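The values are calculated or read from the model by the stated rules, or taken from the named source; none is laboratory data. Please read all numbers here as calculations on a predicted model, not as lab measurements. Backbone-built Cβ (ideal geometry, glycine too); neighbour counts: all protein chains shown. All accessible areas refer to the heavy atoms of the entire protein, side chains included, with ligands and DNA or RNA removed. Shrake-Rupley method; radii C 1.70, N 1.55, O 1.52, S 1.80 Å.
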Amino acid sequence: MPPAVGGGPAGSEPRPRRGRAGVEGARAVGPDVGAEPAARSPKRPARGSRCTEAAGRWTLLTLVTLLSFATRFHRLDEPRHICWDETHFGKMGSYYINRTFFFDVHPPLGKMLIGLAGYLSGYDGTFLFQKPGDKYEHHNYMGMRGFCAFLGSLLVPFAYLTVLELSKSFPAALLTAALLTFDTGCLTLSQYILLDPILMFFIMAAMLSMVKYNSCANRPFSAPWWFWLSLTGINLAGALGVKFVGLFIILQVGWNTISDLWHLFGDLSLSVVTVGKHLTARILCLIALPLTLYTATYAIHFMVLNKSGPGDGFFSSAFQARLSGNNLHNASIPEHLAYGSVITVKNLRMAIGYLHSHRHLYPEGIGARQQQVTTYLHKDYNNLWIIKKHNTNADPLDPSIPVEFVRHGDIVRLEHKETSRNLHSHYHEAPLTRKHYQVTGYGINGTGDSNDFWRIEVINRKFGNRIKVLRSRIRLIHLVTGCVLGSSGKVLPKWGWEQLEVTCTPYLKETLNSIWNVEDHINPKLPNISLDVLQPTFPEILLESHMVMIRGNNGLKPKDNEFTSKPWHWPINYQGLRFSGINDTDFRVYLLGNPVIWWLNLLSIALYLLLGSIIAVAVQRGTHLPAEVEGLSQVLLQGGGQLLLGWMLHYFPFFLMGRILYFHHYFPAMLFSSMLTGILWDTLLRLCAWSLASSFLARGVYMVGILSLLLGTAYSFYLFHPLAYGMVGPLAQDPGSPMAGLRWLESWDF
Amino acid sequence: MLGFLKRPVVVTADINLNVVALTAVGLLSRLWHLAYPRAVVFDEVYYGQYISFYMKRIFFLDGSGPPFGHMLLALGGYLGGFDGNFLWNRIGAEYSSNVPVWSLRLLPALTGAFSIPMAYQILLELGFSHCAAMGAALLMLIENALITQSRLMLLESVLIFFNLLAVLSYLKFSNSQKHRPFSLSWWFWLMLTGVACSCAVGVKYMGIFTYLLVLAVASVHAWHLIGDQTLSNVCVLCHLLARAAALLVIPTLMYLLFFYVHLILVYRSGPHDQIMSSAFQASLEGGLARITQGQPLEVAYGSQVTLKNVFGKPVPCWLHSHQSTYPMIYENGRGSSHQQQVTCYPFKDVNNWWIVKDPGRHQLVVNNPPRPVRHGDVVQLVHGMTTRFLNTHDVAAPLSPHSQEVSCYVDYNISMPSQNLWRLDIVNRESDTEVWKTILSEVRLVHVNTSAVLKLSGAHLPDWGFQQLEVVGEKLSRGYHESMVWNVEEHRYGKSQEQKERELELHSPAQMDVSRNLSFMARFLELQWRMLTAKSDDSEHKYSSSPLDWVTLDTSIAYWLHPRTSAQIHLLGNIVIWASASLAMVVYVLLFFWYLLRRRRSICDIPEDSWLRWVLAGALCAGGWAVNYLPFFMMEKTLFLYHYLPALTFQILLLPVVLQHVSDHLCRSQLLRSLFSALVVAWYSCACHVFNTLRPLTYGDKSLSPSELKALRWKDSWDILIRKH
């Protein structure tokens, strides 16, 4: 077994630090152990041992990397159909290849990389990615999966190197590598076209470069120092560019940087100018550089996606004018609103959409049973309204009637084109927002009552009293009740097709929710004028797309009466996610962490907290620790502390999130927790070995401990591997199943 | 022993006349014309109804806060002899003569008044001068918003009182730590800290922020204590244990005590019963208990039961069926089984009755002795009025197409065989042979053929289903969810063989005898859980505001308007104090970081002891402001200006701290110092002037003319009510 091979070199030198301590004296176990550069150590011992050590080091790293690649790329092409969220991210990759505009709640970098991988591997973007289970047939999907698997495989060597850097102990690093290699969850998540492997790659790369850079701290402004510092910045930009949870690793790096600067500032041997230089370097590499890169991804995103597509309606009218194929692109429409014009009305607040109505009534018990009026983000015939005079029903398009423009302060009626009902409001309470009035569609063929009258007000009257398409910001004030038409931005339940609520608000507060602009405009009696639609500047586009993303994220709310994954489920591996297949004849893939590894991680966190607080209290009480224990506790408190912080930062914020959560959100935290496990058990076993008198026995205990952990994880992987690589056959209750007897928790449904 | 015989007993009273004077003016300002206006003012309408519930001993559920605050208000009503008979429905309604307005408002007013001398004490304990301490108290005295809020039947002033008490007693405790650890006063103040913290949390959940702050400061101090090597290990351990007991155990116990008293006080069933579980309802007097009192405990074959959904959202409801069938074709073109509908119905109805039947036998009556149904048994459920069997099959449900339709099987559709066997899965069982118990057992009904689970989907059926709630068979049970769990609510043993007789029996009320009591912990946990998850209607309010508006006082709340004149009560702060408190905050933060950075470079601008005082004052006052303010940015509920008052109090405490610091350390010459003092006096008189100007709106006792009111509208966003004549 590979881990046994890996255990060999480790066995030959189970305590590298202690060996070195003999040469360097007490220095190596002093408090600056963490800062001791790994690259320098080979220079010190004799030439021969240096060569073997370097060779061993590289062999081990190669072995770990190879094993990781082998596990991730094994059966990568299976199943040959869309699994789970591949339907989203594969589709978005295709959008990039086709250059059609779309909207997603995540930043663009991850999907851009997927698209790029597909493009380079010869995928032409023609596959529809409609729903999970669709067969890929002849389409080339391996490039995209391979790319994700490649990044996913790199997690293991990254974790290995990080732990090695933090603990200077090969067994700890090996243990970490084994935990991640043999975790079925990480494996499954790395094998499909998803954002998670990309995100985790950037997170781990940022962590590694940060740790590497910390160890260069004694040679500031040297080449490696600059290299690792700027690499940290680049990876931070990458992590944030894939998903917003990349923010957590930024917080971690930020915390590390602040405490680092604090130490430098307190070092009176450094002049203030030097500290200033340090500060500037960090601002450059950790703030300016990532921001530039992050912005650059958006610039590329908007440059690549220049065709109109499914995401148009989420954005403002001005934004849409950029997209070729959109009806506002080089638009040629009548400029001023006249009676009889057919228009679409868009809310000025981002991501609210168009005023919409359809042939469905409000359900019983919710206001009056009249036709629903909502806002809708997609372009649709039901968004069309005709603007009419309040007192006449004559057809204004009749050529005998002269054109009359709509002016500020006019009393108008808005008739829904498809259903011929008037926009109407009355003293019934709105469906979701209390104390607002309900807005309905009322009347037959345009004949309603006085509750259909609205006063139209232009807020920015620099274009005169007429209403200019796209430019004029208008408010519609209900004549009878005096309320203002607005959208609350709340999602209606199923009966409202999950569109957004429209209300008439009696509170005349100045919010964008109640301000609208006219977007499409059709009036055959008016000349079409080519409009130089206000081209938004790049910062405006950037801001707008962030607002839309944030609103999109907030909109992903869990529903009552549905089982949803809770953050406390995750570390205990309470329930997995079905990637593919349900029945016993299907090819089934189930995302579930290897329970042995996950529960070991959980135990390790508890043990770490216990051990860490014992040591911290002992130090605070002024107990004099033996040199050996002192060194170990430094590794535990500093190295382990960083990892614990990483775990907490990537886990606890989810408890505060209102949006819908999934099991796979835990995986970045799981990486940190596995690294912590590696360091903890290594330290724990060393402490055990140290407390034993006989050195032979001590070495034995240590070796047996590490080996049994390595072999144990490998064996558990052997047991649970069908979850990740897929299985066909009876479900786990059946003794003939590949997973028979392994359904340890009722809640695992495989 | 008998020392007092030899020496006379001497009591030396040490009276700080400052404190006495402050208390007196505090009481005067808060209690003056307390019973005016004799009308419901703003949120009194909200708290008042709970007071009435307490007076009538009726159970209620209020998600806005733990019961201690409500109980304190109710205590005022109890002492004033309030009988609870008042309809709290409208702000501005005149109180009837049976409402003891004065005693109802007394407690908040007293707490508001006592906050003033406490502010004085806190600054003294922080190590600042009497002058600064007087300043803090006088600022509290003339803060209009605090006065308005204290003079009404509202909880903010009570919360502020307990917040300050917690901080004050912790400071007293930590100051006596140096000289006399484990002395009587040491214990007293330590215990009082814990008690005050729990009271603060008990009044409003918001109190938890101050509690956490005190805990944080206490743990930093404890950490220093651990590092103190002059103390023995045992001594350190004792210190830690004492703190843990006082600051962790006592608050927990106190919190439980509040609920204990609450549940003892409100023991009658009331309008909020429906939200609670059947078991909880049965523990209240009247209501469900009257129906279920004397039901047989164990469900047996032949039992007649009603099944209530445990989740109960969107509304609590019972498994129901009726003669109507599912429409052949739905609106969207999908087909149904056209069998009898099964729904969940939110009202008591004879059609909610089901009979538990043994699949192996035909009879629908209970044997003698009754044969109980156990976990894992396979049963059939027969609808009482129509004698049809509960059934599910591989047909898509009307509104949730991913789930199976549940119907009562009608046998004319030959192509579909009946699949009416259900396995009983008792979720909260203690053993695998547990008997199905009325009310107590939470069961899942798992379909034998398809392993679908009976579930309330929460969707309302359209007209053909009479807007009742949809019930489905969930095929992919993705984990445990309460919407799949049911419990027996009403229960009796069926006796009639004949259908006609049985119908009569179903119509008759159930009555037999077994009483059951839920343990206090079970009731507490359920009540707390429901309170936390109760959906507060996040309605927009005319006077709601966002936290950003508060610091600059960009918002106000009209509390009350006299029905005829334009006398009104308006929640408005003393703008001079608000602005200068915010300014002091900024100055503090800037100075703090300046000193901190300089100290890091080993340049000490101020002596060590005044630095430590500066840090502690900042941790408690600036920290108190931050913990009581910043969390509101993350809350989704409707927010009002009065939510800011606890934070404001801490900010006001910081103001004299900063002033004294500036005068002591930044004014280098005597001249500057005198000049600064003069400025402070001028500024304070300015604040007094503002207080006096806004006083009519604070007390609501004087009717101002429209022009005077317009003149008071210093900010456009202030909504001062002006009558149009």
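Can you name the residue in the stretch B:652-690 that is of a type outside the set (D, E, K, R) and outside any helix (DSSP H, G or I) and, of all such residues, is farthest from B:Y205 (Cα to Cα)?
Kept after step one, since they are of a type outside the set (D, E, K, R), are these residues of the stretch B:652-690: B:652-663, B:665-667, B:669-672, B:674-690.
When the remaining residues are screened for being outside any helix (DSSP H, G or I), the result is B:667, B:669.
Details: B:C667: 43, B:S669: 48 Å.
Per the criteria, the residue is B:S669.
State which residue is surrounded by the most Cβ atoms within 10 Å (Cβ to Cβ) when the search covers only the stretch B:592-613 and only residues that are in a loop (DSSP other than H, G, I, E, B), within 13 Å of chain A (Cβ to nearest Cβ) and of a type outside the set (G, A, S). Working first, answer last.
So in the stretch B:592-613, the residues in a loop (DSSP other than H, G, I, E, B) come out as B:601-607.
Cutting the leftovers down to within 13 Å of chain A (Cβ to nearest Cβ) gives us B:601-603.
Keeping just the survivors that are of a type outside the set (G, A, S) gives B:601, B:603.
Values: B:R601: 14, B:I603: 9.
Only one residue fits best here, namely B:R601.
Please verify whether B:A300 is touching a residue at least 24 places away in the same chain (Cβ under 8 Å), within 22 Å of B:V443 (Cβ to Cβ) and out of contact with any strand residue (DSSP E or B) (no Cβ under 7 Å at 6 or more places or on another chain), treating the condition exactly as stated.
So B:A300 fails the test.
Inspect all residues belonging to the stretch B:302-320 and state whether any of them is of a type in the set (S, T, Y) and either over 30 Å from B:G84 (Cα atoms) or open to solvent by 50 Å² or more (accessible area, probe 1.4 Å) (or both).
Checked against the condition, which is being of a type in the set (S, T, Y) and either over 30 Å from B:G84 (Cα atoms) or open to solvent by 50 Å² or more (accessible area, probe 1.4 Å) (or both), the stretch B:302-320 yields at least one hit.
Exactly one condition in (1) touching a Leu at 6+ places or on another chain (Cβ under 7 Å); (2) within 30 Å of A:S580 (Cα to Cα) is false for A:V275; which is it?
Result: A:V275 fails condition (2) only.
Considering only the stretch A:446-467, state which residues are in a loop (DSSP other than H, G, I, E, B) and closer than 12 Å to A:L423 by Cα. If you could, list the steps in order and put the result at the bottom.
Step one: filter the stretch A:446-467 for residues in a loop (DSSP other than H, G, I, E, B), giving A:446, A:448-449, A:453, A:459-460, A:464-465, A:467.
Passing the criteria: A:G446, A:G448, A:D449, A:F453.
Taking the condition of being free of Cβ contacts under 8 Å to residues at least 24 places away in the same chain and closer than 18 Å to A:G446 by Cα, how many residues in the stretch A:347-368 meet it?
Final tally of qualifying residues: 1.
Taking A:G122 and the conditions (1) open to solvent by 10 Å² or more (accessible area, probe 1.4 Å); (2) closer than 17 Å to A:I82 by Cβ; (3) not in a helix (DSSP H, G or I), which numbered condition does it fall short on, given that it satisfies the others?
Failing condition for A:G122: (2).
Of all residues in the stretch A:718-740, which are surrounded by fewer than 14 Cβ atoms within 10 Å (Cβ to Cβ) and farther than 23 Å from A:L189 by Cβ?
Selection gives A:Q733, A:D734, A:P735, A:G736.
For the stretch A:144-167, give me the residue count where each residue is open to solvent by less than 20 Å² (accessible area, probe 1.4 Å) and either over 22 Å from A:L680 (Cα atoms) or in a loop (DSSP other than H, G, I, E, B) (or both).
Of the residues in the stretch A:144-167, 8 are open to solvent by less than 20 Å² (accessible area, probe 1.4 Å) and either over 22 Å from A:L680 (Cα atoms) or in a loop (DSSP other than H, G, I, E, B) (or both).
Would you point out which residue out of A:G576, A:G496 is modelled with pLDDT of 85 or more, among the small types (G, A, S) and open to solvent by less than 20 Å² (accessible area, probe 1.4 Å)?
On the way: A:G496 fails: modelled with pLDDT of 85 or more.
Sole residue among the options that is modelled with pLDDT of 85 or more, among the small types (G, A, S) and open to solvent by less than 20 Å² (accessible area, probe 1.4 Å): A:G576.
Look at B:P271 and say whether it is of a type outside the set (S, T, Y) and within 14 Å of chain A (Cβ to nearest Cβ). Break it down stepwise before answering.
Values: of a type outside the set (S, T, Y): yes; within 14 Å of chain A (Cβ to nearest Cβ): no.
Against the criterion (of a type outside the set (S, T, Y) and within 14 Å of chain A (Cβ to nearest Cβ)), B:P271 does not qualify.
Quick check on this structure: which one of B:F173, B:F161, B:F188 is surrounded by 24 or more Cβ atoms within 10 Å (Cβ to Cβ), without any contact (Cβ under 8 Å) to a residue 24 or more places away in the chain and part of a helix (DSSP H, G or I)?
The match here is B:F173.
I need the full set of residues from the stretch B:213-240 which are surrounded by 14 or more Cβ atoms within 10 Å (Cβ to Cβ) and either more than 14 Å from chain A (Cβ to nearest Cβ) or β-branched (V, I, T) (or both), in order please.
Result: B:L213, B:V214, B:L215, B:V217, B:A218, B:I226, B:V236, B:C238.
Collect the residues in the stretch A:507-534 that are surrounded by fewer than 17 Cβ atoms within 10 Å (Cβ to Cβ) and in contact with a Lys or Arg (Cβ under 7 Å, 6 or more places away or on another chain), keeping them in residue-number order.
A:Y507, A:L512
Looking at A:A430, is it within 14 Å of chain B (Cβ to nearest Cβ) and of a type in the set (A, V, I, L, M)?
Criteria met by A:A430.
Per-residue answers, yes or no, for (1) touching a Cys at 6+ places or on another chain (Cβ under 9 Å); (2) among the hydrophobic types (A, V, I, L, M, F, W, C); (3) at pLDDT 90 or above:
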site: B:R598; (1), (2), (3): yes, no, yes
site: B:D609; (1), (2), (3): no, no, yes
site: B:W625; (1), (2), (3): no, yes, yes
site: B:L641; (1), (2), (3): no, yes, yes
site: B:L671; (1), (2), (3): no, yes, yes
site: B:C688; (1), (2), (3): no, yes, yes
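Restricted to the stretch A:468-493, and to residues that are open to solvent by less than 10 Å² (accessible area, probe 1.4 Å) and in a strand (DSSP E or B), which residue is farthest from the other protein chains (Cβ to nearest Cβ)? Let's see the steps before the verdict.
Residues of the stretch A:468-493 open to solvent by less than 10 Å² (accessible area, probe 1.4 Å): A:469, A:472, A:474, A:476, A:478, A:483-487, A:492.
Those still in the list that are in a strand (DSSP E or B) too: A:474, A:476, A:478, A:484-487.
Values: A:I474: 22, A:L476: 19, A:H478: 17, A:V484: 13, A:L485: 15, A:G486: 11, A:S487: 13 Å.
Applying the filter and picking the extreme gives A:I474.
Is at least one residue of the stretch A:558-570 in contact with a strand residue (DSSP E or B) (Cβ under 7 Å, 6 or more places away or on another chain), free of Cβ contacts under 8 Å to residues at least 12 places away in the same chain, within 13 Å of another protein chain (Cβ to nearest Cβ) and at negative phi?
Scanning the stretch A:558-570 turns up at least one residue that is in contact with a strand residue (DSSP E or B) (Cβ under 7 Å, 6 or more places away or on another chain), free of Cβ contacts under 8 Å to residues at least 12 places away in the same chain, within 13 Å of another protein chain (Cβ to nearest Cβ) and at negative phi.
Could you list all residues from the stretch A:275-291 that are open to solvent by 40 Å² or more (accessible area, probe 1.4 Å) and within 14 Å of chain B (Cβ to nearest Cβ)?
A:L279
Could you give me the residue pairs with C-beta distances under 8 Å whose first residue belongs to the stretch A:530-555 and is modelled with pLDDT of 80 or more, whose second residue is open to solvent by less than 40 Å² (accessible area, probe 1.4 Å) and among the acidic types (D, E) wherever it lies, and which are 6+ apart or on separate chains?
Qualifying pairs under 8 Å: A:M549/A:D104.
Against the condition out of contact with any Phe, Trp or Tyr (no Cβ under 6 Å at 6 or more places or on another chain) and at pLDDT below 80, how does B:N351 come out, does it pass? Step through it out loud before you land on a result.
Values: out of contact with any Phe, Trp or Tyr (no Cβ under 6 Å at 6 or more places or on another chain): yes; at pLDDT below 80: no.
Judged against the criteria, B:N351 is not a match.
Could you identify the single residue in B:T649, B:T638, B:T693, B:T698 that is surrounded by 15 or more Cβ atoms within 10 Å (Cβ to Cβ), at negative phi and not in a helix (DSSP H, G or I)? Break it down stepwise before answering.
Details: B:T649 fails: not in a helix (DSSP H, G or I); B:T693 fails: not in a helix (DSSP H, G or I); B:T698 fails: not in a helix (DSSP H, G or I).
Every option except B:T638 fails the conditions.
Go through (1) farther than 18 Å from B:V587 by Cα; (2) surrounded by 15 or more Cβ atoms within 10 Å (Cβ to Cβ) for B:S663 and report which single condition fails.
The one condition B:S663 does not meet is (1).
Are there any pairs with C-beta distances below 9 angstrom linking a residue in the stretch A:436-461 that is within 14 Å of chain B (Cβ to nearest Cβ) to a residue that is open to solvent by less than 50 Å² (accessible area, probe 1.4 Å) and hydrophobic (A, V, I, L, M, F, W, C), with the two at least 6 apart or on different chains, and if so which?
Matching pairs, first to second residue: A:H436/A:A430; A:H436/A:C483; A:H436/A:C504; A:Y437/A:A430; A:Y437/A:C483; A:Y437/A:C504.
Could you list, in sequence order, all residues of the stretch B:447-478 that are within 14 Å of chain A (Cβ to nearest Cβ), more than 22 Å from B:N351 (Cα to Cα), out of contact with any helix residue (DSSP H, G or I) (no Cβ under 8 Å at 6 or more places or on another chain) and open to solvent by 10 Å² or more (accessible area, probe 1.4 Å)?
B:T450, B:S451, B:K475, B:L476, B:R478
Given the structure, is B:A282 modelled with pLDDT of 90 or more, surrounded by 13 or more Cβ atoms within 10 Å (Cβ to Cβ) and more than 12 Å from chain A (Cβ to nearest Cβ)?
no
How many residues, within the stretch B:62-87, are at pLDDT below 90, crowded, with 18+ Cβ neighbours inside 10 Å and under 22 Å from B:L639 (Cα atoms)?
Going through the stretch B:62-87 one residue at a time, the tally reaches 2.
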